[in-house]
Amino acid sequence: MVKSLSQRDEIKKGLYLVPTPIGNLKDITFRAVDILKKSEFILCEDTRISKNLFNKYDIKSKLISNHKFNETKNLSKIIDLLKNGKLISLVSDAGTPGISDPGAVLIKRCIKENIDVFPLPGPSAVTTAISASGFSDKYFFYGFLPEKNKTLIEDLKFLSELKSSIVIFCSSRKISKFIPSMKNYFFDREILICREISKFYEEYIRCDVRELDLSKKVIKGELTIVISEKKNDKKNSHILSESDKRLIKGMINNFGIKEISNLISQNKNISKKEIYNYCLKLKNEK
């Protein structure tokens, strides 16, 4: 049986995760506007910011302030509303809710309580930045960098070992603090800094990480940073030639394995691991 138009347009009750524009207010889907208009309540990270969007599209649903400082306190009230069949939408100030924005606490509780959660596709600074980067589309999204130096170093060290592109959020006020550490761990990679995405003053800064210098630029707002994938190490792709093997055989009785690995790798495009394994093989044959 073919459903009538009114049946197809019927909206199921539950929690809707509605992405909102990350800059230009026109970057919102028809479905998102429809859901927001039909919602009985909209949970907003900052109602003052959300009202700019809602006024433009004549959205008059009831608003509930729901940010990181009160989302746990709001939880019981919102869950009760959902259980009573209310249609509720969740939005952040910009982008997709629950991604480096409030929402995860409520979403987890809804899943636990078997309340339907419906995510809408839409604006995301992460995918927007990746699409413009020219880097690998296999990416790791990290989010905001930590304040504590010890945690920052630990996390950057972990990220530097990843072979994929890396997406990071950062406040323009803090980027200068992080640049020295980024140069240390991503020295041979490229970087794209996206500022004011889809807004009038949008800007895309591209350079090698080692050349990154923002001291002469006025940077405002939150930044979406993409670091390129780890470059293939030519040393790892080069295998030992017969002449390399003869050279190692001539050294094996006079030098330690570690010394040989260091000496050969300095002058040849061969990984230390490749040299080390061959030295071990020679030692074991004796």
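We did not get these values from a lab; they are worked out from the coordinates using the rules stated. Since we're looking at a predicted model, the values are computed, not measured. So basically every Cβ, Gly included, is an ideal-geometry build from the backbone, and we count neighbours across all protein chains shown.
Tabulated results
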| quantity | calculated |
| --- | --- |
| MRE, 222 nm, helices only [DSSP H, n ≥ 4, -39500 (n - 2.57), over the chain, to nearest 500] | -12000 deg cm²/dmol |
| Ser171, Ser131 arranged by Cβ crowding within 10 Å, fewest neighbours leading | Ser131, Ser171 |
| For Cys207, net neighbour charge (Lys/Arg +1, Asp/Glu -1) across residues whose Cβ lies under 15 Å away | +1 |
| Hits among lysines - C-alpha to C-alpha of Lys217 under 22 Å, sequence gap 8 or more where chains match | Lys174, Lys177, Lys183, Lys199 |
| Ranked list, fewest to most other Cβ atoms within 10 Å of each Cβ, for Val226, Val209 | Val209, Val226 |
| Charge dipole magnitude, Cβ of K and R +1, D and E -1 - the range 52-173, Cα centre, debye nearest 20 | 320 debye |
| Backbone N within the range 19-43 under 15 Å of label point (7 Å from Asn84 Cα along the Cβ vector) | 40-42 |
| Label-point gap, in nm, between Tyr57 and Asn184 - each point 7 angstrom along Cα→Cβ | 4.4 nm |
| Residues Phe140 and Lys112, FRET efficiency given R0 of 35 Å [Cβ-Cβ distance, rounded to 0.05] | 0.80 |
| Value of relative contact order over the range 12-119, rounded to a whole percent, pairs C-alpha under 8 Å and six or more apart | 43 percent |
| Zone residues, the range 40-64, relative to Ser76, backbone N less than 20 Å from point 7 Å out along Cα-to-Cβ | 64 |
| Extension gain (nm, one decimal) between Arg206 and Glu40, 0.36 nm per residue minus Cα-Cα | 55.4 nm |
| Residue of Ile225, Ile11, Ile115 that the Gaussian network model of the chain assigns the largest fluctuation, springs spanning Cα pairs under 10 Å | Ile11 |
| Rough spin-label spacing in nm, given labels placed 7 Å along Cα→Cβ, for Thr151 and Ser243 | 5.3 nm |
| From the coordinates shown, volume of the Cα convex hull per residue in Å³ corresponds to which of [x] 228; [y] 183; [z] 128 | [x] |
| Added length on full extension, which subtracts the Cα-Cα distance from 0.36 nm per residue, Leu162 to Arg48 | 37.1 nm |
| Prolate/oblate/rounded label for the range 70-154 (Cα gyration tensor, a/c 1.5) | oblate |
| Neighbour net charge for Gly103 - beta-carbon separation under 14 angstrom, K R +1, D E -1 | -2 |
| Taking Leu263, Leu17, Leu63, Leu90 and counting other C-beta atoms within 10 Å, the order from fewest to most | Leu263, Leu63, Leu17, Leu90 |
| Most mobile listed residue (Lys216, Lys177, Lys12) in the chain, GNM with C-alpha springs under 10 Å | Lys216 |
